Amino acid sequence: MTRLKPKTCNFTCLTLHSKNKRPSVVVNQAAAPSVVTTSSGARLRLDNLGPQPGSRKKGKRKGRGISAGQGNSCGFGMRGQKSRSGPGVRKGFEGGQMPLYRRIPKLRGIAGGTLFFIYILLFKLIVCEILENLVN
């Protein structure tokens with residue numbers, strides 16, 4: 001197993017997190033042995049896979065007071081429906097204007113058309129095939 005720094009890794013890498021919090025990197029999955037273990041002896045499993053250190057950034061914690069940077073109105077503005085708590089507007093709502101999905105013309109032949117289906121039982125097809133083979 002090769003230990004690489006995250007900057008020098010040019011391949012798709014997997015990081016293994018073990019109990020001692022020292023990640024080891026598996027560079028090539030095809031060249032790795034069938035049972036991959038880390039330096040601490042932890043096996044490569046779904047529960048110990050994780051992203052590279054420093055690759056994931058925590059999101060902003062909104063609404064934690066004015067001094068936190070995103071307090072007070074939390075970046076949603078002062079007034080309006082989208083600044084209030086609770087559900088917002090439904091999909092396709094345009095503030096009372098006729099929505100686009102109702103403005104566009106209807107296509108002919110799609111709505112209200114009847115489709116015809118012919119049901120054929122499978123055993124009838126098999127019987128027809130057997131009869132054809134007997135005649136031929």
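At-a-glance table
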| quantity | calculated |
| --- | --- |
| Residue selected from the stretch 50-71 under the condition open to solvent by 100 Å² or more (accessible area, probe 1.4 Å) and not charged (D, E, K, R), by the criterion farthest from R102 (Cα to Cα) | S67 |
| Output for the stretch 56-94, where each listed residue is of a type in the set (A, V, I, L, M) and farther than 30 Å from I104 by Cα | I66, A68, M78 |
| Residue match in the stretch 72-91 (condition: in a loop (DSSP other than H, G, I, E, B), modelled with pLDDT under 85 and open to solvent by 70 Å² or more (accessible area, probe 1.4 Å)) | no |
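One line per residue, one yes/no per condition, for (1) of a type outside the set (F, W, Y); (2) in contact (Cβ under 8 Å) with a residue 24 or more places away in the chain:
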position	(1), (2)
R43	yes, no
N48	yes, yes
P53	yes, yes
K58	yes, no
G63	yes, no
G71	yes, no
F76	no, no
S83	yes, no
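The values are calculated or read from the model by the stated rules, or taken from the named source; none is laboratory data. Predicted, not measured: the structure shown is a model, and the values here were computed from it. Note: ideal-geometry Cβ built from the backbone for every residue, glycine included; neighbour counts use all protein chains shown. Heavy atoms of the whole protein, side chains included, go into the accessibility calculation; ligands, DNA and RNA do not. Shrake-Rupley method; radii C 1.70, N 1.55, O 1.52, S 1.80 Å.
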